[in-house]
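The values are calculated or read from the model by the stated rules, or taken from the named source; none is laboratory data. This one's a predicted model, so the numbers in the text were calculated from it and none came from an experiment. Every residue, glycine among them, receives a Cβ derived from its backbone with ideal geometry; neighbour counts consider all protein chains shown. Side chains included, ligands, DNA and RNA excluded: accessible areas come from the protein's heavy atoms. Shrake-Rupley method; radii C 1.70, N 1.55, O 1.52, S 1.80 Å.
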Amino acid sequence: MRPKLNLLDAKLVDRILEEAFELLERIGARVGSADAIELVGAAGARIEGDIVRLPRSVVRHALQSAPHEFSLYSRSGQASVHYGGDDVHFDPGSSCLNILDSESQNPRPAMSEDLVRMIQVAEMLPEYAAQSTAMVCSDVPNEIGDWYRLLLVLWYSDKPVITGAFSLGTLQTMISLLVADSGGMAALESRPRAVFDVCPSPPLNWSEFAAQNMVELARVGIPAEIVSMPLAGATAPVTLAGSLVQHAAECLAGITIHQLAKPGSPVVWGGAPAIFDMSTGNTPMGSIETAMLNLGCAQIGKALGLPTHGYLVASDARQIDAQAGMESASSALLGALAGINMISGAGMLDFLACHSIEKLVIDAENIGRARRLLKGVNGSGETLALGTFAQTAWKGDFLKLKETRTLFRQEQHFPSQVIDRTSDPNTPDILARTRDRVHELMQAYERPKIPSAVENALLKIASEIERSIAFEHLPGIETCLTPH
Amino acid sequence: MEPDFSAMRASIVSGAPETATALAKQAVAFGIPALDAINQGFVLGMAEVGEQFARRQMFLPDMLASAEAMKAAMSVLEPELMRQGAERPNAGTVILGTTKGDIHEIGKTLVGTLLTAHGFKVFDLGVDVTCDQFVEKAQETHADVVGVSALLTTTMRGQKSVVEALGRAGLRPTLKVIVGGAPVTRQWAQEIGADGYAKDAVNAVALTRGLLEKKVAAGDVAV
């Protein structure tokens, strides 16, 4: 039996949803996009300026057309991420500005080369089912910062991508890159490689960019992932239950806009909810309440039959230390037990302000443990122990038994050398062990074989836009290009 | 008929005693020198197992199965070796045993199998071995190394008794003592006056080699 954790009882799930519907009906959401307002208005919403009050029949109708599951595909066409049911996947945290320098272990602005290294390491770790556009590179102009991340991921990875646009103009560029990568719009729609995070602004505010983003994504059929971020006590009710209501209302409003733009387009019930720390004013991503909010949000999404996402495995520690290990390990386990389809956040430190390749590698160990837990205890053998004892009785030589050799790999999870089990006082510390592992992974990495027509199409899109802003470099890629 | 050394090697890596026996018998039947079958076939398999174990691609149950396969092949080839008057060059003579009161043998047996594979002449005294038994065998065989295993914190003290007994018998100047077992540490080895400690069987081979090289350098061993 696979272990499962439900944080909320059925009655509380109903109450949360009931209040969320009521909130949208009575208070309403603010929607900034004229396109979106027109869509919900035509469907029966009451519009007052930018306030949209959504009757529950309209929301219910949208929920009916939202798909219960969909897959993301690798470049080779494998459905390697399945959004739906209790399937669990992990990806690195997104859009970080700083990197913890691998040598000095001090934070500094992230560069293209850092993102390339992180993509390469994540590519080699099976614990990460998807890549993310993990960092905003400081050596690339702001205007192109969002799509340039995606270009680097497509250039160095075969895996599906969790991404997101910073503006409507660049959203189109990112879609063009994905179309070029898939070899056409139809191919991209039938086998989407990426999901786009879209963030409403708490409380209950779908800005022009966010709402229009949902409309555009729905129309082209690229999956959208709602990342609602109630901050309990600051931009959302202080109670966890109250914040869950707000999260649900924001997601319901987003899904309504999305499904009205194109019924049946894939959409994820996701979020990055957190509490507000009342002594520092920070947003602790590693707090237990933040994990509880994520679990609660996902449970509500599941009650509606929707694919789910959460933001866990991140820590607020500024270094790779015991706090980082503790916070990330516990939230990885909790997220996995809750059956959240996509769990973002691995590798991140310092309230999502800093990424670390070394932490990403340590978090892969956390994920490996969580995956083992999800496999549960296998009781399917004809006997559990009687058959074994019939072979060895009191001798105790279990290590020599054929069944031991046949079954130990299924029973035990094998961590990498990052986890010390040597009992050797001379074993290097965890940072040194992790650096060794990073080195090994980088050595084993090989860039995927991408058809040159695809490469050329990607570069053409990039260089045309770059020329328009008089930026003529391809940081992180130039070294791969052979001069013609 | 060409000897299939790679199949011999593979039978050890995959831990298949029946296949290893069959291949050893086949080698004998085809007139392949036993020494060639050992050195160019089976031993290379055991060496690969050691490497894969160190890289965490193989684990203890795999290594035990490989050790069984190695034993199976050697039980066919060793009598043949004697019949042919051939001898493997001896990398050193090692006595192994688990201390008095302790019946754990897996770790020690693995060490023995790996040492044998690497050209050492190993006398395995088994489990629950008294100090006198260690001393007698070491004298009888002119051993270079005595390896004492213990799996319990209580029987670990027995390692100290063995070191002392070998000392009383006047063997310590030319004889190296190595210790191992779950509770054993490098510090404990130093404390009881042993010459070395290894955390697992693969490291025990490197340790034994290293100790004997030092002995050779000091002129203790005739080679």
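For the residues B:A65, B:A73, B:A29, a GNM of chain B with alpha-carbon springs under 10 Å puts the largest fluctuation on B:A29.
With charges set only on the Cβ (+1 for Lys and Arg, -1 for Asp and Glu), what does the dipole of the stretch B:81-131 come to about its Cα centre, in debye to the nearest 20?
Numbers: 5 positive and 5 negative charges, 43 e Å.
Roughly 200 debye for the stretch B:81-131.
Can you give me the long-range amide H partners of B:A198? Hydrogens built in the peptide plane at 1.01 Å from N, cutoff under 5 Å, separation of 5 or more residues or another chain. Answer set, sorted by chain and number: B:V179.
Quotient of the Cα radius of gyration of the stretch A:48-165 and 2.2 N^0.38 Å, N being its number of residues: 1.35.
If you put +1 on each Lys and Arg Cβ and -1 on each Asp and Glu Cβ, how big is the dipole of chain A around its Cα centre, in Debye rounded to 20? Intermediate values should be presented prior to the final figure.
Values: 39 positive and 55 negative charges, 287 e Å.
It works out to roughly 1380 debye.
Dipole check for the stretch A:197-328: with +1 at the C-beta of Lys and Arg, -1 at the C-beta of Asp and Glu, and the Cα centre as origin, the magnitude is about 380 Debye. For A:K11, list the lysines whose Cα falls under 27 Å from its own Cα; do not include residues on the same chain fewer than 8 positions away. Counting by Cα, and skipping residues close in sequence, A:K11 has these lysines nearby: A:K302.
In percent, rounded to a whole number, the relative contact order of chain A is 19, using alpha-carbon pairs under 8 Å and six or more apart. For the stretch A:179-285, which whole percent of the accessible surface, found with a 1.4 angstrom probe, sits on carbon and sulfur atoms? Carbon and sulfur together cover 60 percent of it. Based on DSSP loop calls and a cut-off of at most 15 other Cβ atoms within 10 Å, the longest stretch of chain A free of exposed GluC sites (Glu not before Pro) is what? The longest such stretch corresponds to A:104-381.
Which of the chymotrypsin sites (Phe, Trp or Tyr not before Pro) found in the stretch B:1-67 are loop residues per DSSP with 10 or fewer other Cβ atoms within 10 Å of their Cβ? Write out the running numbers ahead of the final one.
Values: sites: B:F5, B:F30, B:F42, B:F53, B:F59; in loops: B:F30, B:F59.
Answer by residue number: there is no such site.
Rounded to the nearest whole Hz, the Karplus-based 3J(HN,Hα) values (6.51 cos²θ - 1.76 cosθ + 1.60, θ = phi - 60°) of the stretch A:260-267 follow the sequence 5, 5, 7, x, x, 5, x, 9, with x at glycine and proline. Against chain B, whose longest principal axis comes from its Cα atoms, helix B:43-54 is set at around 60 degrees.
Can you give the net charge of the other residues whose Cβ lies under 11 Å from the Cβ of B:K108, counting K and R as +1 and D and E as -1? If you can, show how the numbers build up before the last one.
Working: positive: none; negative: B:D102, B:E105, B:D124.
In short, -3.
For the chain pair A and B, buried accessible area totals roughly 1400 Å², probe 1.4 Å, rounded to the nearest 100. Here is the P(r) of chain B: all C-alpha pair distances, binned every 10 Å from 0, give 8, 33, 33, 20, 5, 0 in whole percents. The helix-only estimate of mean residue ellipticity at 222 nm for chain B, built from DSSP H runs of length n ≥ 4 each weighted as -39500 (n - 2.57), is -17500 deg cm²/dmol after division by the residue total. Of the listed residues B:D144, A:D277, the order by accessible area with a 1.4 Å probe, largest first, is A:D277, B:D144. Less than 5 angstrom separates the built amide H of A:G32 from those of A:W206, A:S207, A:E208, A:A211, all sequence-distant by 5 or more or on a different chain. Helix B:153-168 and the longest principal axis of the Cα set of chain B meet at an angle near 80°. Taking the longest Cα principal axis of chain B as reference, the axis of helix B:106-117 is set at about 60 degrees.
With Cβ to Cβ distances under 13 Å as the rule, what net charge do the other residues near A:S33 carry (K, R +1; D, E -1)? Let's see the in-between values first.
Working: positive: A:R30, A:R219; negative: A:D35, A:E38, A:D50, A:E208, A:E216.
Around A:S33, the surrounding residues sum to -3.
Loop-resident GluC sites (Glu not before Pro) (DSSP state other than H, G, I, E or B) in the stretch B:1-92 with no more than 13 further Cβ atoms inside 10 Å of their Cβ: B:E87.
A 26 angstrom limit on the alpha carbon distance is what I want to check against. Which of B:K71/B:K160; A:K375/A:K402; B:K25/B:K176; B:K108/B:K160; A:K4/A:K395 exceed it? The answer is B:K71/B:K160; B:K25/B:K176; A:K4/A:K395. Amide H contacts under 5 Å for A:V268: A:A224, A:E225, A:I226, restricted to partners 5 or more places along the chain or on a different chain, H placed in the peptide plane at 1.01 Å from N.
Heavy atoms of the protein chains alone define the surface here; on that basis the protein assembly as shown has 43 Å² accessible area per residue at 1.4 Å probe size.
Loop-located trypsin sites (Lys or Arg not before Pro) across the stretch A:437-472 with a Cβ neighbour count of 11 or fewer within 10 Å are A:K449, with loop assigned by DSSP.
Across the stretch B:141-152, computed HN-Hα scalar couplings (Karplus, 6.51 cos²θ - 1.76 cosθ + 1.60, θ = phi - 60°) run 9, 6, 5, 8, 9, 10, x, 10, 9, 8, 10, 10 Hz from first to last residue, x flagging Gly and Pro.
With the contact rule set at Cα under 8 Å and sequence spacing of 6 or more, what percent relative contact order holds for the stretch B:35-127?
Values: 92 pairs, mean separation 29.9, N = 93.
The normalised contact order for the stretch B:35-127 reaches 32 percent.
A simple spin-label model places the labels of B:S161 and B:S14 4.6 nm from each other, with each point 7 Å out along Cα-to-Cβ. With R₀ fixed at 45 Å, the C-beta to C-beta distance from A:Q323 to B:A206 puts the FRET efficiency at about 0.70. In chain B, Cα pairs under 8 Å separated by at least six residues give a relative contact order of 16 percent. Across the stretch A:379-394, computed HN-Hα scalar couplings (Karplus, 6.51 cos²θ - 1.76 cosθ + 1.60, θ = phi - 60°) run x, 8, x, 4, 10, 8, 9, 4, x, 5, 5, 4, 8, 10, 6, 8 Hz from first to last residue, x flagging Gly and Pro.
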